[in-house]
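One structure below.
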Amino acid sequence: MWRKFSAAGHAAFDTAKPYLDKRSEIQSRHAQSLATFCAELEQIAKAESVDWVALGKGLTRGRKKLHELNEVPANQRQKLARKLKSTLDKANAAMQEHYQLVEAEKMKLIRTASQLVHLPERSEAITQAKSLQSNWKAAGSLWRSKEQELWNQFRAHLDPLFSELKNEQESIVRKFVKLR
């Protein structure tokens, strides 16, 4: 009886062996891919001039990779999970530090924009406002809700200047049309 049972077990195993080998190969590739991803994300976060867009995308990919941990071999899963979480924490800390710097820079631009109304020359104020807008873009971006909140504050100081300019230009056009 034992010999029949053992022979049936070996036959079943021999039938499943190609599947198990292929699964092990796929899991090993996932593990290698995850290790490579961690190294790349650490490299992006530690770079001298960080590509913040790439780091943000890397963080998003890393969070998705947390869900893919079941696709790596069980004996490597815990080690890779620790490595991935550590890498994500470091990258997130770098990103948060960047966000603080960007927010401080944008707050300075808002304060500068609030002073433009006090300039005696409107043309000078408009020129400075355009310069501030390009500096705003160059300062970088934040998460969407904070970015929108700061942008609204910034625009609240600039919109009156531009609406005055628009009204002035429209009146010039109206005068020109009447002269024709």
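Values in this text are rule-based calculations from the coordinates and carry no lab data. Note that the structure is predicted; figures quoted are calculated from it, not measured. Quick reminder, even Gly has a Cβ in these numbers, built from the backbone with ideal geometry, and neighbours come from all protein chains shown.
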Can you give me the pair-distance distribution of the chain, C-alpha pairs, 10 Å bins, whole percents? 8, 22, 17, 15, 12, 10, 7, 4, 3, 1, 0, 0
Relative to the longest principal axis of the chain, what angle (0 to 90°, nearest 10) does the C-alpha long axis of helix 122-139 take? 10
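For the chain, what is the mean residue ellipticity at 222 nm derived from helices alone (per DSSP H run of n ≥ 4: -39500 (n - 2.57); sum divided by total residues; nearest 500 deg cm²/dmol)? Walk me through the numbers on the way to the answer.
Working: 5 runs with 157 residues, N = 180.
The helix contribution divided over the chain gives -31500 deg cm²/dmol.
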Quick check: the distance between the Cα centres of region 108-132 and region 30-100, to the nearest angstrom? 42
HN-Hα couplings for region 144-155 via Karplus (6.51, -1.76, 1.60; θ = phi - 60°), in whole Hz with x for Gly/Pro, come out as 3, 5, 5, 4, 5, 4, 5, 4, 5, 5, 4, 5
Go ahead and set up a Gaussian network model of the chain, Cα springs under 10 Å, then flag whichever of Lys85, Lys146, Lys17 fluctuates most. Lys17
Spin-label point model (7 Å from Cα, Cβ direction): what's the Val177 to Gln32 distance in nm? 7.0
With a Förster radius of 30 Å, plug the Cβ-Cβ distance of Arg77 and Asp51 into 1/(1 + (r/R0)^6) and report the FRET value to the nearest 0.05. 0.50
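Starting from the Cα gyration tensor of region 62-112, multiply each eigenvalue by 5, take the square root, and state the resulting semi-axes largest first in whole Å. Before the final figure, lay out the partial values.
On the way: eigenvalues 280, 17, 3 Å².
Sorted largest first and rounded, they come to 37, 9, 4 Å.
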